[in-house]
Amino acid sequence: MPRRIAIVGAGQSGLQLALGLVGAGYAVTLVSNRTAEQLATGRVQSSQCMFGTALETERALGLDYWGESCPPVEGISFAAPSPDGGDAKAIDWAARLDRPAQSVDQRLKLSEWLREFERRDGRLVVQEAGVDDLERLASEHELVVVATGRGELGGLFPRNAERSPYTTPQRALGLTYVRGMEPRPGFSAVSFNLIPGIGEYFVFPALTTNGPCEIMVFEGVPGGPMDCWDDVRTPAEHLARSLELLERFLPWEHERCAGVELTDANGILTGRVVPTIRQPIAQLPSGAPVLAMADAAVLNDPITGQGSNNAAKSAEIYLERVLAHGDDAFDERWMQQTFDHYWLGYAQWVVSWTNAVLAPPKPHVVTLLEAAQEIPSLASAIANGFDDPRTFYPWWFDAEEAGRVIEAKRAQAARGLDPRELRNALGQFATGVTVITARADDGRPVGVTANSFSSLSLEPPLVLWCLARDASSLPVFRECTHFGVNVLSSGQHHLSRLFATSGADKFGGAAEVRDGPSGVPLVEGVLAHFVCRNVRQIDAGDHVIVIGEVEHYDAFDGEPLVFHSGSYRITTRHPELDAS
Ligand SMILES: Cc1cc2nc3c(=O)[nH]c(=O)nc-3n(C[C@H](O)[C@H](O)[C@H](O)COP(=O)(O)OP(=O)(O)OC[C@H]3O[C@@H](n4cnc5c(N)ncnc54)[C@H](O)[C@@H]3O)c2cc1C
């Protein structure tokens, strides 16, 4: 008998998880407060620009129905007006994304996904779910996931004050879907404009219910001149107000809008969001626990355009955790660990970056944005950080690190090498992924992700891997007597991301770890462990080659995690060579 799971909320995360689970043979009940028809014809709720990694999670489930018809977003551009006013820009740069982004209007996407859910024999219940409904669902299902986004039901989950620095909205939002806008020169992009002290405006191509369009997003500092939607009564007034703002603050964006019209009367939205992180588990009055997902647990201001990306990534992690759980009970421990995988390995970094962008920019951030005009690889790093904000650590947050990154990229540019292009070329070499672990003198475990692992010699049995010279764990790997190599299996990509993130709480529970021979921490669920004596290190460029002699090893069945061309992959036998 298939396992029974209920999901409340048919948004980006709820539908993606529901479709993944029905595809894997689970009996899924999805509660939506809107029918597919109501989703399709209602008001827009978001601008939903999704970057490469999030789109990949949809493709993996066969849900990318709009890959051909949706205009690509090929890059990010950044501009800030000159303090002297007029048409002059103080900062102006653009960089291409490694993989194009896409924005499919959620009215189109979610209504079609909901129909697909029913076609795949999912059970749809249309109602505004309340606590009594959750009780009923909890009594009939083994797991209840609440994915109600910004809906009131999320209030069931207690606010985590420590993780939520803001108690009031930090921006007044305005969304305007238009067509007829002049494309920006060069390549298509999210054109991000920062008007210090007043707010931000970004605009990008998208696909809406009646064809291609551009989505304008206004983020006004509360009480300032871009916090100006309260007296707007009609869609026509909303468009007129949007154009007035552009004419006044961003003349170069206004120039693109001579021929624009609204896509439809529902292509507008105004509102405010209080960025809020919640506890992931709520107890119903009966004592039954329910688990929050995506915005219901981790709600960001849209300023960095991360919400639906986060939703897709959390749905991917929750899906994997359910599939990997076999027949075991979905108890509170499993729920907390599932959320921790998402929070510790990914979401916490997105939240702190987004909250930093909401605050007035620190001087070193202004320096970074200015330097990106001169250093294309820095512009590229900032643009591509939108796909994975963990890459902003630590340099977005630390003046010294920012200076170091600027100098390193400037030096590379002077040598005529584009580091991103070089990295892309090197990324054509597919590798497995390992986490290398050791114990510091004080007993503290350390771990880093490495795909530079290689066998070196069979007699004696030697392996090698390479560690960046600026890695905070380098002193430990220089001093430790032993280290462990953990070869990750296909489902462990979240651990790869977690152990690749500087400053993350890597041993906080997201990875199951035990002590191996010589006290080396070993990660569970991997394909192989090698416990190595630390025999030699060789300095080479900005890395150190670490050589170890294998003293113990274990190998387990399973499929490997593969890294190729900047993406995680799984292997399949070659069809031309494997006739059996
Ligand atoms: C102005 C604006 C611009 C944005 N721009 C971007 C962007 O450019 N890029 C980006 O990635 N993200 C963006 N976002 C955020 C993004 O839309 C959300 O983060 C994302 O959709 C969250 O997914 P979710 O699954 O958590 O919730 P949602 O997609 O919000 O889905 C929740 C669903 O649950 C339903 N629901 C609520 N309560 C109940 C209930 N009691 N019973 C049944 N159903 C219920 C809702 O109607 C909804 O259908 C933006 C948001 C806003 C407000």
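Label positions at Ser82 and Gln127, each projected 7 Å from the Cα along the C-beta direction, are separated by 6.3 nm.
Taken over the range 479-580, the convex hull of the Cα atoms encloses 164 Å³ per residue. Please state, rounded to one decimal and in Å, the Kirkwood hydrodynamic radius that the range 144-234 gives when every pair of distinct Cα atoms enters the mean of 1/r. Every distinct Cα pair counted, the radius reaches 16.2 Å. Since only Gln337, Pro419, Val476 are under comparison, the one whose Cα sits farthest along the positive direction of the charge dipole of the chain, derived from C-beta charges on Lys, Arg, Asp and Glu, is Val476. Using just its DSSP H runs of length 4 or more, each adding -39500 (n - 2.57), the chain gives a mean residue ellipticity at 222 nm of -8500 deg cm²/dmol after division by all residues. Length available on full extension from Asn424 to Glu182: 0.36 nm per residue minus the Cα-Cα distance, which gives 83.9 nm. Taking every protein chain into account, the 1.4 Å probe leaves Cys257 with about 10 Å² of accessible area, to the nearest ten.
How about the range 404-442: which trypsin sites (Lys or Arg not before Pro) there lie in a loop by DSSP and see at most 12 other Cβ atoms within 10 Å? Qualifying residues, ordered by number: Arg415. Remark on the range 203-317: ratio of C-alpha radius of gyration to 2.2 N^0.38 Å is 1.37.
Note on Thr168: accessible area approximately 70 square angstrom, rounded to 10, probe 1.4 Å, nucleic acids and ligands left out.
Placing a label point 7 Å from the Cα of His325 along the Cα-to-Cβ direction, the residues of the range 136-163 whose backbone N falls under 11 Å from that point are 142-145. Annotation: average projected area of the chain is 28.8 square nanometres, based on the convex hull of Cα atoms across all directions.
Can you give the charge dipole size of the range 80-201 about its Cα centre, rounded to the nearest 20 debye, using +1 on the beta carbon of Lys and Arg and -1 on the beta carbon of Asp and Glu? Dipole magnitude for the range 80-201 comes out near 360 debye. For the range 395-487, the Cα gyration tensor yields ellipsoid semi-axes of 28, 21, 11 Å (square root of five times each eigenvalue, largest first, whole Å). If you take the beta carbon distance between Arg43 and Arg115 as r and set R0 to 22 Å, what does 1/(1 + (r/R0)^6) give as a FRET efficiency, to the nearest 0.05? Given R0 = 22 Å and the Cβ-Cβ separation, E is 0.65.
Taking amide hydrogens as placed 1.01 Å from N in the peptide plane, the amide H of Leu456 sits under 5 Å from those of Leu462, Val463, Leu464, each at least 5 positions away in sequence or on another chain. Accessible area ranking (1.4 Å probe, heavy atoms, ligands and nucleic acids excluded), largest first, for Lys109, Lys506, Lys89: Lys89, Lys506, Lys109. For the chain, DSSP calls about 80 percent of its internal beta bridges antiparallel.
Within the accessible area of the range 51-94, the carbon and sulfur atoms contribute 48%, probe 1.4 Å, all protein chains present. Along the Cα-to-Cβ line of Glu152, 7 Å from the Cα, sits a label point; which residues in the range 104-144 have backbone N less than 17 Å from it? Counting backbone N atoms under 17 Å from the label point, the list is 127-135.
With K and R counted +1 and D and E -1, the other residues having a Cβ less than 9 Å from that of Leu344 yield a net charge of -1.
Distance between the pseudo-spin-label points of Arg478 and Asp92 (7 Å out from Cα toward the beta carbon): 4.7 nm. Given R₀ = 45 Å, what would the calculated FRET efficiency be for Phe397 paired with Ser139, taking r from the Cβ atoms and rounding to 0.05? Taking R0 as 45 Å, the efficiency between Phe397 and Ser139 is 0.45. Here the spin labels are modelled as points 7 Å beyond Cα on the Cα-Cβ line, and at Ser455 and Leu417 they lie 3.0 nm apart. Over all Cα atoms in the range 289-356, the spread is summed up by Rg and Dmax: 12.6, 42 Å. All Cα-Cα separations within the range 1-154 were binned at 5 Å from zero, giving a P(r) of 2, 8, 16, 17, 16, 12, 9, 6, 5, 4, 3, 2, 0, 0, each value a whole percent of the pairs.
Under the convention that each Lys and Arg Cβ holds +1 and each Asp and Glu Cβ holds -1, the size of the dipole of the chain around its Cα centre is about 140 debye. With equal scatterers on the alpha carbons only and no solvent term, can you work out the Debye log10 of I(q)/I(0) for the range 461-536 at 0.14, 0.16, 0.23 1/Å? For the requested q values the scattering log ratios are -0.48, -0.64, -1.37.
The range 336-413 has equivalent-ellipsoid semi-axes of 26, 13, 10 Å, by the square roots of 5 times the alpha carbon gyration tensor eigenvalues, sorted largest first.
By a 1.4 Å probe calculation restricted to protein chains, Thr391 has an accessible surface near 70 Å², given to the nearest 10. For the chain, the solvent-accessible area works out to 43 Å² per residue, with a probe of 1.4 Å and every protein chain left in place. Between Arg404 and Thr367, full extension at 0.36 nm per residue minus the direct alpha carbon distance yields a gain of 12.1 nm. Ranking of Asp64, Asp87 by solvent-accessible surface, largest first: Asp87, Asp64 (1.4 Å probe, protein heavy atoms only, all chains present). With the dipole of the range 450-580 worked out from charges on the C-beta (+1 for Lys and Arg, -1 for Asp and Glu) around the Cα centre, which of Pro461, Gly548, Ser502 lies farthest toward the positive end? Farthest towards the positive end: Ser502. Fully extending the segment from His574 to Asn160 would add 144.2 nm, taking 0.36 nm per residue of separation and subtracting the current Cα-Cα distance.
The values are calculated or read from the model by the stated rules, or taken from the named source; none is laboratory data. Since the model is a prediction, treat every value here as computed from it, not as a measurement. Glycine gets a Cβ as well: all are built from the backbone with ideal geometry, and neighbour counts include every protein chain shown. With ligands, DNA and RNA removed, areas are computed over all heavy atoms of the protein, side chains included. Shrake-Rupley method; radii C 1.70, N 1.55, O 1.52, S 1.80 Å.
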